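The values are calculated or read from the model by the stated rules, or taken from the named source; none is laboratory data. Since the model is a prediction, treat every value here as computed from it, not as a measurement. For neighbour counting, all protein chains shown are included, and Cβ atoms are generated from backbone atoms with ideal geometry for every residue, glycine included. Only protein heavy atoms, including side chains, enter the accessible area calculation; ligands, DNA and RNA are left aside. Shrake-Rupley method; radii C 1.70, N 1.55, O 1.52, S 1.80 Å.
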Amino acid sequence: MARVLLVEDDDAIRTSLGKSLTAAGHVVMAVASGADGVAAVARDRPDVLLLDLGLPDLDGRDVLAMVRAVSDVPVIVATARDDDASVVRLLDAGADDYVIKPFSSAQIDARIRAVLRRLGQGGEQGESTVDLGALRIDPRSREVTVDGSPVDLTRKEFDLLLALSRRPGAVVSKRELLAEVWGLPWGGGDRTVDVHLSWLRRKLGETAAAPRFLHSVRGVGIKLASGD
Ligand code: CA
């Protein structure tokens with residue numbers, strides 16, 4: 001069961017999807033505009049946001065950006081376009097998954113469960129703190145410190161770092177990271193990994209040209225090192 005916020009301006013879709021997701025055991029909150037959606041994310045703190053990209057008041061991508069500014073809620077976007085470029089843009093903008101319209105409610109329910117399952121993998125019980133000298137990662141509290149100072153990461157940045165930290169010193173391919181962090185075994189574009197990696201680097205205080213922890217191995221992948 002999840003508390004699902006549905007942002008969809010089409011009355012028929014909103015009503016029928018609301019009904020079927022409720023029947024599937026979810027608690028559904030539904031609004032019809034982007035502005036109401038952003039407000040509802042802040043107010044109601046849903047477990048999952050299902051966001052239609054074609055809204056009357058705001059562009060769905062802008063709604064996604066506004067949501068990301070205030071919340072790490074998993075977002076599944078519903079889009080009419082399925083070309084690689086637009087999917088990659090959505091993932092880079094912070095979407096967790098997407099569905100192509102028209103979709104079935106069973107499909108949406110499966111995506112919601114998959115997103116929540118992946119989230120649960122972040123900080124498994126029993127997973128202990130990763131200590132790489134200057135870099136410490138606590139999977140349970142999702143806290144990261146560099147040289148003893150806390151680093152504020154978004155959910156995906158943390159998940160990316162955690163995925164790399166499970167294999168310290170080993171080169172992990174971008175394809176593996178896409179599968180593990182984004183749940184996209186078939187890809188979605190290396191650029192998604194690159195973009196998040198560059199954000200992560202900035203927060204860890206390094207650059208691709210002068211890496212400390214995150215070392216790119218051209219044509220192979222990324223390796224996490226102790227930084228000492
Ligand atoms: Ca629409």
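Checking the condition free of Cβ contacts under 8 Å to residues at least 40 places away in the same chain and open to solvent by 60 Å² or more (accessible area, probe 1.4 Å), which residue from Met1, Met29 passes? Break it down stepwise before answering.
On the way: Met29 fails: open to solvent by 60 Å² or more (accessible area, probe 1.4 Å).
On inspection, the qualifying residue turns out to be Met1.
Could you grab me the full set of residues in region 74-96 that are of a type in the set (A, V, I, L, M) and in contact (Cβ under 8 Å) with a residue 60 or more places away in the chain? Give the steps one after another, and end with the answer.
Step one: filter region 74-96 for residues of a type in the set (A, V, I, L, M), giving 75-78, 80, 85, 87-88, 90-91, 93, 95.
Listed by number, the residues that qualify are Ala78, Val87, Val88, Leu91.
Can you give me the ranges of the strands (runs of 3 or more DSSP E) entirely in region 60-174 with at least 1 residues that are basic (Lys, Arg) and in the same structural domain as Asp194 (by TED's automatic domain parsing)? Break it down stepwise before answering.
On the way: elements: 75-79, 97-100, 130-132, 135-138, 143-146, 149-151.
Filter on region 60-174 gives 135-138.
Give, as residue ranges, the strands (runs of 3 or more DSSP E) completely inside region 1-52 that count at least 3 residues that are over 21 Å from the mean Cα position of the chain (by Cα), among the acidic types (Asp, Glu) and within 12 Å of the ligand (Cβ to nearest atom).
On the way: elements: 3-7, 27-31, 48-52.
Qualifying strands (runs of 3 or more DSSP E): none found.
Residue check: is Asp84 surrounded by 14 or more Cβ atoms within 10 Å (Cβ to Cβ), among the acidic types (Asp, Glu) and either within 15 Å of the ligand (Cβ to nearest atom) or farther than 24 Å from Leu153 by Cβ (or both)? Walk me through it before giving the result.
On the way: surrounded by 14 or more Cβ atoms within 10 Å (Cβ to Cβ): no; among the acidic types (Asp, Glu): yes; either within 15 Å of the ligand (Cβ to nearest atom) or farther than 24 Å from Leu153 by Cβ (or both): yes.
When the stated conditions are applied, Asp84 does not pass them.
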